[in-house]
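Here the structure comes first, spelled out in structure tokens, and everything after it is commentary.
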Amino acid sequence: MTVNWAVTTYDSAFGYVSAHGAPLIDLLDPQPGERIIDLGCGTGTFSAEIAERGAEVLGIDGNPEMVAQAAAAHPGLTFIVGDAHDFTVGESFDAVASNAALHWMNRDPDAVIGRVYAALRPGGRFVGELGGAGNCAELIVAMQTAWRVFGLGEPELPWYFPSPAEYAAKLEEAGFTLRLLEHADRPTRMTEGPNGAADWVRAYAARALADVPPEIVDPLLARVNDLAAPALRRESGWVADYVRLRFAAVRKADSATSPPFGPFPPADPQL
């Protein structure tokens, strides 16, 4: 199911984006000479896509190892270590973009949005895609059930998956004008490893495993697989039950109008 919260008008800053499956880079529509922050840049892949459009990119990530990898892979771009909850920049930027990262910034989502607002010039764009409400629901239930079966406390989950209404309210309360909000199912084939949900947990929920006695990790994850298989295992392989929340907002509204945004592009393998 896809729920579209696209408003009937949006800022001309979002340019030529069509109503049919534009990827996030087209929604951002970076222009030559613009200054853009890639928030939660990881190893810099999305930053490089932005730079290919002629924009000047600053990649920010809280993981020093990822920042080092990004700098090594893209030596012509600028990457810094920074916490999205309290980062500051010396000049105003034309846009802040974030791809598959905001749901990891779970300590205080309002603080993240506030720092983005402070980094933007009036009229600056905030464009992103993150896990939305219902993201990984089957995987999470399988984890929680397996933890209970083994007599463990609730697993610590490191994500923030807001509903469309919740995230729209946060953006608007921070001073943004919302131009697009879409909430869509995006079932995605698991590529993290051959062992299905168990490998997914190892890759994306390592924090939840940190306090598990080593001798029960393997049987615990085997139980996760057993519990998740009816919903997520197909003849062609395992599928993650991803749900994506995509948005576009501006720091300052204007009267420009344009056709509404449309459906999501093909599946993205990122959590």
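Listing for the model above:
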read-out	value
Gln69-Thr191 pseudo-label distance in nm [points 7 Å out on the Cα-to-Cβ vector]	1.4
Cα-based equivalent ellipsoid of the stretch 17-103: semi-axis lengths in Å, sorted from largest, via gyration tensor	20, 14, 14
Nitroxide proxy distance, nm - points 7 Å out along Cα→Cβ at Gln31 and Arg107	3.6
Glu156-Ser92 FRET efficiency (beta carbon distance; Förster radius 35 Å; 0.05 resolution)	0.45
Label-to-label distance, nm, for residues given as Arg202 and Lys170 (7 Å Cα→Cβ offset)	3.1
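Since every read-out is calculated from the coordinates, none of them should be taken as a lab result. Since we're looking at a predicted model, the values are computed, not measured. Neighbour counts run over all protein chains shown; Cβ positions are idealised from the backbone, glycine included.
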